[in-house]
Amino acid sequence: MDQIFVKLAPALALTALASCGASNRASNESNGGSAVENATLTKLSLTSDAFQEGQPIAKQYTCDGANQSPALAWGDPPQGTKSFALVIDDPDAPSGTFRHWGTYDIPASTRSVAVGQRIGTEVMNDMNKPGYAGPCPPPGHGVHHYHFKLFALDTDKLGLPTNAKIADVENAADQHALGNAELVGTYERK
């Protein structure tokens, strides 16, 4: 009897693991999850003339300069993309993540944003103003990292309320993302 169990144990373990995954997927979908959550997201390219990945953001795009959004550009999105969403946040802020810009319902044909360009439907940033708020860390707080996140979406309208915040944009975009990109720039005020 013990020999039969030893021979069947690996097969039983694999069957149990496989059923757990199927159960999880069914549970996620019945709780409002979608197939998009279970799919692998396409990685997009996101670049800027204002800074390179991991490098300082030019002063012009901060509260110490003209406080204009930097130019951004990206490549072709995955098939089925109907719009884009863009968010920028600073997880190094002293009181927790500070959100600098959130915009959505950006047309699928768009491949770039010009310096200072307003695009899509902008929401309130954490300064309680619509649109872009440039990097502005407290002086002497060290280097902050600004995450520019682009989402290629499977819907042309996210349907967010007029009082939506940047976190709402990112949460909704996560639910509809076919692809994404992230570009991180830094800024420090001494």
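The values are calculated or read from the model by the stated rules, or taken from the named source; none is laboratory data. Please read all numbers here as calculations on a predicted model, not as lab measurements. Heads up, the Cβs are rebuilt from the backbone with ideal geometry, glycines too, and the neighbour counts pull from every protein chain shown. Side chains included, ligands, DNA and RNA excluded: accessible areas come from the protein's heavy atoms. Shrake-Rupley method; radii C 1.70, N 1.55, O 1.52, S 1.80 Å.
Between residue 60 and residue 111, what is 0.36 nm times their sequence separation minus the Cα-Cα distance? Round to one decimal in nm.
16.1 nm
Quick one: ranking 62, 81, 121 by accessible area, 1.4 Å probe, largest first, what do you get?
Ranked from most to least accessible, the order is 121, 81, 62.
Label points 7 Å out from Cα along the Cβ direction at residue 71 and residue 157: separation in nm?
Using points 7 Å along Cα→Cβ, the separation is 3.3 nm.
Just reorder 126, 49 by solvent-accessible area, largest first, 1.4 Å probe, all chains present.
Largest to smallest exposure gives the sequence 49, 126.
Let me spell out the model: positive unit charges on the Cβ of Lys and Arg, negative unit charges on the Cβ of Asp and Glu, origin at the Cα centre of the range 136-190. What dipole size does that give, in debye rounded to 20?
Dipole about the Cα centre, nearest 20: 320 debye.
Could you pull out the pairs from 59/157; 82/190; 157/190; 59/165 whose alpha carbons sit more than 32 Å apart here?
Pairs exceeding the cut-off: 59/157; 82/190; 157/190.
Kindly sort 111, 118 by accessible area of their heavy atoms, largest first, with the probe set to 1.4 Å.
Descending accessible area places them as 118, 111.
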